[in-house]
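The values are calculated or read from the model by the stated rules, or taken from the named source; none is laboratory data. Because the structure is predicted, anything quoted here is derived from the model rather than measured. All Cβ positions, even for glycine, are placed from backbone atoms using ideal geometry, and neighbour counts span all protein chains on display.
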Amino acid sequence: MDIQDGERVDWTDQQDEDAYNMFVELAEGDMVGRAQEIMRGVQRMIGVAFTDEDLAAWVKRYVDEHTVICEWFPACENEATTVQPHSVLGLVPICERCQERASA
Ligand SMILES: [Zn+2]
């Protein structure tokens, strides 16, 4: 079967849940930015197509359901309250203080 880039093939709720759980394992063992990179790599390797929106939903859900430390500034150790798009890292967990500084 030919799978075009970005084409969604038989994507079920169960697969979405499985993919989210894979993301959680990656994000817990490493960092949220790196986990997104790995997920994109896995997607290319196995030809499973998910969209950027799917990935964004997993990142947001992960930050909602877990205690995640802010990754916006390396020295920050506050708990992240949301995520913010970063030009290189994708969606990055960010705390309120860094969000204010980043948008200042
Ligand atoms: Zn912060």
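When the stretch 35-72 is filtered for residues that are part of a helix (DSSP H, G or I) and of a type in the set (D, E, K, R), the ones remaining, listed by number, are Glu37, Arg40, Arg44, Asp52, Glu53, Asp54, Lys60, Arg61, Asp64, Glu65.
Only residues that are more than 10 Å from the ligand (Cβ to nearest atom) and either closer than 17 Å to Glu37 by Cβ or of a type in the set (Lys, Arg) (or both) were counted in the stretch 93-104, giving 0.
The residue that is nearest to the ligand (Cβ to nearest atom), counting only those in the stretch 58-87 that are of a type in the set (A, V, I, L, M, F, W, C), free of Cβ contacts under 8 Å to residues at least 24 places away in the same chain and surrounded by fewer than 20 Cβ atoms within 10 Å (Cβ to Cβ), is Cys76. Take the residues in the stretch 74-104 that are in a loop (DSSP other than H, G, I, E, B) and at pLDDT 90 or above; name whichever of them is farthest from Arg61 (Cα to Cα). My answer is Ala75.
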